[in-house]
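A short worksheet on the structure shown next.
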Amino acid sequence: MDILSNIPPHLFRMIIAVAVVLGFVFANATVMGYLERKLAGRFQRRLGPMEVGWHGILQMPVDGIKLIAKQLIVPDNVAGILFYVAPLIAMSPVALPFLVIPFAPGLQVIDLDVGAIFVLTMISFNTVAVFLAGWSSNNNYAMIGAMRAVAQNIAYEIPILLSVLAIGLMTNTFSMKGIIEAQKSIWFIIVQPAAFIMMFICSIAETNRAPFDLPEAESELTAGFHTEYSGIAFSLFMIAEYTYMFVNCCLVATLFLGGWKGIPLPFGDYSSCIWFFAKVYFLMFVIVWCRWTFPRVRFDQLMNFAWKYLIPFSLVNLLITAILVKLL
Amino acid sequence: MKKYFSDLVTGAKSLVAGFIVTFKALLSPVVTVQYPREKLPVGKGYRGHPILILEDDTGRPKCIACGSCMRLCPSQCITVQGEKKEGDKRKYPTVFQVDFTRCSLCGTCSEVCPVAALEYSDVYGLAGFTREEFQYDLLADLPGLVETGFKPVSAD
Ligand code: SF4
Ligand code: SF4
């Protein structure tokens, strides 16, 4: 923020911030798309993309150009404007969580009191987009995918909130910066391992990633909620998915892994974002690792897991936290 | 209640085991080949298109143009004609054509050949745009043989 405030006009700063965030969103999707395919290859003992550029490094930009150049096929009887709006709804709120994410002590746009809650709210927008996409597509597969997405997100939002609440009880704040400052001596992953694991599992489910990718389960629902989307509309969903993944990992890193905290670096106010990104991309790696390790769960298993295990456990965890905070 | 917790423990164990399996795979070497640039050697029993075996010393076909293969080919896709030219000790084929669109690679032709003059190449991935491309003249150069450096070997 300090760098940005040297530039006088307010509007100018806003434009730069929007450009940087959008640039980052696309860059993140490109890098993650590439890494995902490369890692998928390596997990299956093949090489992944190798043809375009050195070790296939240009594969994603080329894919992006292909998707942009493709025709947008709109089936008959889609629900008009909603069909077009859904990918935009998926895409447009992704920039907002970046406002409150503290990449480094000096790299945070605004420190909201309810930062963590704000991020969670923005993430849940994705569900609306998924539901609109599925509902407006006039396609049974898409509809089933959308229904699953909503049911799944309702189930998995609860343990996330309860885990965040457990952190909130310990820190007395939901401000992202405040939570990181509270982890000065010890990261919350050590104090709250159960909350960390539950929150991480839920954020995988929340972003509809395998093994919880039921809304787009290819083997049952062709492509689920985005069956009818082609070209750039489809890629907007994909970019949004990777960005939500990033934002979720940012949240987990902030709440449990001490955010930017690490070995002190020179110009720590800005350069310590290296630690932040290292933690976030490590979490993203684990998510990719999960995807290529576990088979997709069945819907009843998914629901059982949420309602029978995650929610009771997070409640018990919250209760224990509350008692301990009161006593200590 | 006991099952509830034992399910949790076995589930967690199996998840960790799964992670270990894939992480090992991540660190182990790649097993695929980059096909058009790298190729695996063709296995011994592979049958590509029929080819004529040449005599080691003269470099001319071993075939004596007896016509057994032509008669016995179930798909009737071989055409052989031969003549004994002035100065030759025996008949040599003058025409030897295989209609590879019909050949079922059954193996009859090479089996019945009295002088073991027919074999199968190890050329794979033959593709073309017209049927005519698969009318092979076995006395001329065949597709793929030069490119793969295949040397006909006499069958033992
Ligand atoms: S392999 Fe069988 S079908 Fe093919 S040419 Fe020989 S005999 Fe005919
Ligand atoms: S059976 Fe053998 S020798 Fe007789 S025509 Fe066929 S290839 Fe030539």
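Below, the figures for the structure above:
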read-out	value
Per-residue average of Cβ from other chains inside 10 Å of B:18-26	5
Cα long-axis angle, helix B:2-27 against chain B (0 to 90 degrees, to the nearest 10)	40
Selected from A:Trp275, A:Thr243, A:Cys290, residue furthest toward positive end of dipole (the stretch A:184-316; charges at beta carbon)	A:Trp275
Sorted by Cβ density within 10 Å, fewest first, the residues A:Tyr156, B:Tyr136	B:Tyr136, A:Tyr156
Per residue convex hull volume, Cα atoms of chain B, in Å³	215
Per-residue Cβ neighbour rank within 10 angstrom, fewest leading, B:Tyr46, A:Tyr229	B:Tyr46, A:Tyr229
Farthest toward positive dipole pole in the stretch A:73-327 [+1 Lys/Arg, -1 Asp/Glu at C-beta], among A:Ser230, A:Val114, A:Met143	A:Val114
Computed [θ] at 222 nm, helices only, for the protein assembly as shown once each DSSP H run of length n ≥ 4 contributes -39500 (n - 2.57)	-17000 deg cm²/dmol
Centre separation in Å (Cα based) which lies between the stretch A:249-273 and the stretch B:70-121	77
Peptide-level mean, for A:291-299, of C-beta atoms on other protein chains within 10 Å	2
Dimensionless Rg/Rh of the stretch A:77-186 - Kirkwood Rh, Rg from C-alpha atoms	1.10
Share of Cα-Cα pairs in the stretch A:73-327 lying beyond 30 Å, as whole percent	29
Test item: A:308-320 mean partner chain Cβ contacts at 10 Å	1
Protection-proxy order for peptides B:125-133, A:304-312, A:193-201, each taking the mean of Cβ atoms within 10 Å per residue, highest first	A:193-201, A:304-312, B:125-133
Debye-sum result for the stretch A:172-307 in log10 I(q)/I(0), which assumes one identical scatterer on each alpha carbon, at q = 0.12, 0.20 Å⁻¹	-0.57, -1.18
Simple Cβ-charge dipole of the stretch A:73-327, Lys/Arg +1 and Asp/Glu -1, about Cα centre, in debye nearest 20	680
Relative contact order of chain A, defined on C-alpha pairs under 8 angstrom at six or more residues apart (%)	24
Burial ordering of B:Ile20, A:Ile179, fewest other beta-carbon atoms within 10 Å first	B:Ile20, A:Ile179
Exceeding the 22 Å Cα-Cα cut-off - candidates B:Lys62/B:Lys85; A:Lys326/B:Lys13; A:Lys184/A:Lys279; B:Lys62/B:Lys89; A:Lys38/A:Lys279	A:Lys326/B:Lys13
Those residues of the stretch B:31-71 whose amide nitrogen sits under 18 Å from the label point placed on B:Glu133, 7 Å along Cα→Cβ	B:36, B:48-50
Formal net charge of residues neighbouring A:Ser124 (Cβ-Cβ distance under 12 Å; K, R +1; D, E -1)	-2
Volume per residue of the C-alpha convex hull in the protein assembly as shown, rounded to whole Å³	237
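Computed from the coordinates by the stated procedures, all read-outs in this text should not be read as laboratory data. This is a predicted model, so every value here is computed, not measured. Virtual Cβ from ideal backbone geometry, glycine too; neighbours counted across all protein chains shown.
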